[in-house]
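A quick write-up on the structure given underneath.
Please treat every number below as a calculation from the coordinates, not as lab data. Values in this document were obtained by computation on a predicted structure and should not be read as measured data. Cβ placement follows ideal geometry from the backbone for every residue including glycine, while neighbour counts extend to all protein chains displayed.
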Amino acid sequence: MQPSGIMVLGCPDCGGVGTYQGCSSWNTLGARQWTDGWISARMKPDLPQVVQCIHCDRAHWIRDAVILEKYSSYKVPESAPEEWRRAAKVKSPDEQEYYNAIREGLGRDQEHDLQLRTLVWHVSNHPYREPAEGLAPPPESGERWDNLCAMLALLEDGEGRVALQKAEVLRQLGRWQESLAALEQVNEPDYEQFVLAIRAGCQARNTLVIELPRTE
């Protein structure tokens, strides 16, 4: 993994300053994958697509931030304004902050709405990737449930990746037969492990996110 130079960003809502460091190269060697599409790899950074501003407490897309300065170094130089040198790294929203952003209209069209809802779906699944003993399954109501239903409405009928995501959403909603039917539209060899895991989850009446077998 090779970090890139640091950027100083301004919030598009309030102008508050934060710093962001991307990555010029990475790899997914030894990565762990789950049925919702989440990937965790030691050499793959989790770069935020959405940022929760620590100044105004509102969320915005990272691409909408104002680029105040780019540096080739990994830290803001001493010659920069003090506000920039003291600025904290930008952070992703937590689950509740994502739901607030959805209500405030950050998903400004169908494409952005689905992208935003997929991001919070991943976050809502995190506690179940390696669940602690005695952790109760997610409730069949509330904001997480409503988000799954909204995702389903946004996912148009299709094949491949779209059908795969639809099948997983349906499985997590406990709609087993509909999930299995959606899997029939997935024929790509690259998705075989996902299909097998989702199908097994339906047969076991399991609504939790499932880790795929690791491949080295």
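Quick rundown of the values:
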read-out	value
Qualifying position, being within 18 Å of the chain's Cα centre (by Cα) and of a type in the set (D, E), among E95, E69, E78	E95
Residue in region 166-184 that is within 25 Å of W61 (Cβ to Cβ) and in contact (Cβ under 8 Å) with a residue 60 or more places away in the chain present	yes
Residue count, region 89-120 (criterion: hydrophobic (A, V, I, L, M, F, W, C) and without any contact (Cβ under 8 Å) to a residue 40 or more places away in the chain)	1
Close pairs (9 angstrom Cβ cut-off, 6 or more residues apart or separate chains): in a helix (DSSP H, G or I) in region 123-150, surrounded by 11 or more Cβ atoms within 10 Å (Cβ to Cβ) and of a type in the set (G, A, S) anywhere	V123/S92; E143/S124; R144/S124; N147/S124; L148/S124
Residue match in region 19-41 (condition: in contact with a His (Cβ under 6 Å, 6 or more places away or on another chain), under 30 Å from F194 (Cβ atoms) and not charged (D, E, K, R))	yes
